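Enquirer: Have a look at this one before I ask anything.
The values are calculated or read from the model by the stated rules, or taken from the named source; none is laboratory data. In this text, all values refer to a predicted model and were calculated from it rather than measured experimentally. Cβ sites come from the backbone with ideal geometry, for glycine too, and all protein chains shown count toward neighbours.
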């Protein structure tokens, strides 16, 4: 038992990027089963599995953590973009042309300079909104 701990104790291990690579390899394997004449899918799947082993057994922990952080920032950015209220049919939001109107008595406006969505209370008249990200002031009617 102590030999295994000394062998694998300083290795990186499995993280979110490795799990995503394993899922991608599984999907490519299934697509390769559907299209058996296309050899590219299983070969890329095997290469992804080898990459998972390389990352999991690596001793360069700081580099692997940086790769995982970059992957997570891209993943969460994509997830937040999909969940964003720019689709009127999601969660009862309606687009009025001036901004998004939510059911909770709030209005959402995009900052003209950086695109950050800012929520403000409805029914306050014309107000000056300060963007929390860039500090830009813009005036909108709620």
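Enquirer: If I filter the stretch 86-122 down to residues being at pLDDT 85 or above and in a loop (DSSP other than H, G, I, E, B), which single residue comes out as surrounded by the most Cβ atoms within 10 Å (Cβ to Cβ)?
Expert: 111
Enquirer: Being without any contact (Cβ under 8 Å) to a residue 60 or more places away in the chain, in the same structural domain as residue 75 (by TED's automatic domain parsing), buried (at least 16 other Cβ atoms within 10 Å of the Cβ) and over 23 Å from residue 75 (Cα atoms) is the requirement here; does residue 32 meet it?
Expert: Yes: the conditions hold for residue 32.
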